[in-house]
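Asks: There's a structure below that I have some questions on.
Taken together, the values in this text are just the output of simple stated rules run on the coordinates, not laboratory data. Here the structure is a predicted model, which is why all the values come from computation and not from measurement. Note that each Cβ is placed from the backbone with ideal geometry, even for glycine, and that neighbours are counted across all protein chains shown.
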Amino acid sequence: MQSKISFFNKTIFKKNFTHYWPVWFGYLVICLFEIPFGIYICSRNVAYYTIEAERAVERTNSYVNLMRAVMSPILPFLVAAVVAMALFSYLYNAKSANMIHSLPVRREELFVTNYLSGLLFMAVPQVIATLLGVFVCAAVGITELQYLMLSLVYALGNMFFFYSMAVCVGMLTGQLLALPVCYVALNFVEIMLEGIGSVIVSFLCFGMSNSDFSLSKFSVLSPVYYLSKKLGIGTEYLNTGGYAYHVHGGKTLLVYVLVSFVLIALALFAYRKRRIESAGDLISIGWVKPVFRWCVTICSALLGGMVFGSIFQGTVSGTKEFVITLCAILAVGVVSFFIAQMFLEKKFKVFSKKRFAELGIGSACMVVLLCMLEFDVFGIESWTPDVSEVKMASLEYNSLALTDEKEIEELIDLHKDIIGKKSELEAYAAEGNATYGIAISYKLKDGSKVKRYYAVPATQKEIEDKNSVIGQAVTILERPENVMKAQFGVYYEDNVPQSGYLERYNQDVDQYDNENDLSFNAQNAKIVYEALIKDISEGNYEDAIRFQMSTDNSGYMSDQIYINAIGLQFYNKNGSYFPDDQIREEYYSDSYNERYSSQSCSAYLTIGKKCKHTIAALKEIGAITDESDLITYQDYNMRYQDVDYIE
């Protein structure tokens, strides 16, 4: 009679729970503090609200913020590594590995039993804490239990994926400490390479900047980073004073859950093929060793190139910067390659013809790739779109959205002119001259986004020359319609002022300037807003734009522009700074894990002496009694020249 094949061992399962009880008990304590106790604290933190309706709104908001934290992948990411190290620790000691595998227990049985034990170590405490959280919610008057239940689903999904990944990594490593190191590295290697690569590209390619680094389609390969950006509960601030909540990231998490089954299968396959004598090796699977070796080499080489390139960026010519970066990458890469091999072989004598040949081929490929970037073989530097391909173009970090075809064409012509003056602009910056940064970005009709950044001269002479790079930019930016779009949003005609303020600076007896902002109500904000619109329409705001863009040390326009800025808050039923909701959502999603209300916008403006309507409005509402109450930048700076300092 054929014996029954088992995939689960009760004895080992019980041993895991009794032997590793500090692991699951510790996580249970964390969950209890995070969920039921956290919910109770949320209800206590709103006790100072005297109106019950306000207290209820803020209690719910605080509770939802807590659930957002529970959905975060950070804690499951960390706990998964600890649990995997505990349950599969026997694989990393030769004595323990030989003893366990000498028992009449199949490897599949060991794997499944230990895997399920670890999964329950994390899942059961989370479920217990959530159930207790339900009772706490009932006790404190929180009725929105759907967010608590969804946080449980998200937490379990995170646990399942990260634990599967940790176990898979554990099957490929032969040392206990190598598991967390490789596990963390795999979770961040793509985002690290992408970040370092963007810096290297910014050194080698004219117009590229790493300051706009954000999620890309490849960031999915860095799970903990990608999930932390995609999962959560978005908060929309309503004009009524309440909040609307939107749970997002479910589809993304589902994809990772499905990938978990592939990781489990790969881990089981690696366990079945694993050599017991590999215990103590850094990497236990032969074909993984060259992958590890080159991952270490490439990451270290690019990091070295980034560090040395950053030191000399902007201080030498483009050619010298390329040579320095290339030499740094090759030097660090060679050293890292052999250090990685020493760890793999656990000895210092790793120099052989085979390794030198492998290193030579890899180095040659790296040199070719860098040279292709430097000489723009990929067309990165010289790229400009066709007008028909552009849905929206923007200037100055998305503050001005251009949708008119003629203006888009004008911006593209400016872009081409900058590219044509590459050598001239790079030489000017390398001499240490002050420059102004012009940012150009395109939203293409195929959904992609392209951004470029250029440092250009912005002296008084350059600004007043309409044919210069900065002069062409000023021509676009100072048009009344564009000023209003940039300052007040695309739908500025529908803005309803809610409040505002004027920055004031009062000098005390010790000649120190104290900022004393003067706030005004909606009625007065409307008066100031309408006056600003008049000044912008008549071209009175142009001096302020030129002043803000100038890098002239002589203080160009400083005697015409006031340091007293004006801030305004608006309600707008459309309320976006961008032409459509899709662009707004994409813009914010890179930096924030929540939705911002489409009904809220603000403006912060610098005014000058030519803004006669605005100055008259400030007098009308009593913000100033006379124009002398406003201080120019020149007068403000002169104050400090008269101050006596005591050492």
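Asks: Taking the simple approach of a point 7 Å from Cα along Cα-to-Cβ for both Glu405 and Ser216, what is their distance in nm?
Replies: The modelled label-to-label distance comes out at 3.3 nm.
Asks: Separate question: Say the dipole of the chain comes from +1 at the beta carbon of Lys and Arg and -1 at that of Asp and Glu; which of Cys611, Ile533, Ile419 then lies farthest toward its positive end?
Replies: Most positive-ward Cα: Ile419.
Asks: Right, here's the next one. Where in the chain are the DSSP H helices whose alpha-carbon span along the long axis reaches 24 Å or more and whose Kyte-Doolittle mean is at least 0.5?
Replies: Helices meeting the criterion: 107-140, 145-172, 178-204, 250-273, 288-312, 318-345, 353-374.
Asks: Please work out the ratio of the alpha-carbon Rg of the stretch 383-457 to 2.2 N^0.38 Å and round it to two decimals.
Replies: In units of the 2.2 N^0.38 Å rule of thumb, it is 1.15.
Asks: I've got another one for you. Just from the alpha-carbon atoms, what are the Rg and Dmax of the stretch 103-246 in angstroms?
Replies: 21.2, 69
Asks: Give the average over all directions of the projected area of the C-alpha convex hull of the stretch 63-184, one decimal, in nm².
Replies: Mean projected area for the stretch 63-184: 8.2 nm², to one decimal.
Asks: Let me ask you something else. Mind jotting down a quarter of the surface of the convex hull over the alpha carbons of the stretch 421-478, in square nanometres, one decimal?
Replies: For the Cα atoms of the stretch 421-478, the hull's average projected area reads 4.8 nm².
Asks: Please report, in whole Å, how far the alpha carbons of the stretch 291-374 spread along each principal axis, starting with the longest.
Replies: Principal extents (Cα only, largest first): 42, 21, 18 Å.
Asks: Dividing the convex hull volume of the Cα atoms of the stretch 256-304 by its residue count, what figure in Å³ per residue is obtained?
Replies: Residue-normalised Cα hull volume stands at 103 Å³.
Asks: For a footprinting-style exposure proxy, rank His415, His248 by other Cβ within 10 Å, fewest first.
Replies: The fewest-first ordering by Cβ neighbours comes to His248, His415.
Asks: If contacts are Cα pairs under 8 angstrom and at least 6 residues apart, what is the relative contact order of the stretch 383-457 in percent?
Replies: After rounding, I find 36 percent.
Asks: Within the stretch 130-154, list the residues whose amide N lies under 16 Å from a label point set 7 Å along Cα→Cβ of Arg55.
Replies: 138-143
Asks: Is it possible to state the helix-based mean residue ellipticity at 222 nm for the chain, with each DSSP H run of 4+ residues giving -39500 (n - 2.57), the sum divided by total residues, to the nearest 500 deg cm²/dmol? What is it?
Replies: -19000 deg cm²/dmol
Asks: Here's another thing I want to ask about it. I want to check the label-to-label distance for Val377 and Ile30. Put each point 7 Å from Cα in the C-beta direction and report it in nm to one decimal.
Replies: 4.7
Asks: Further question on the same structure: Based on the Kirkwood radius over alpha-carbon pairs, what value in µm²/s does the Stokes-Einstein equation return for the translational diffusion coefficient of the stretch 400-506 at 25 °C and 0.890 mPa s?
Replies: 153
Asks: Something else about it: Give me the dipole magnitude in Debye, nearest 20, for the chain about the Cα centre, with unit charges on the beta carbon: positive for Lys and Arg, negative for Asp and Glu.
Replies: 5320
Asks: Near Ala623, within a Cβ-to-Cβ distance under 14 Å, what is the net charge of the other residues, with Lys and Arg +1 and Asp and Glu -1?
Replies: -3
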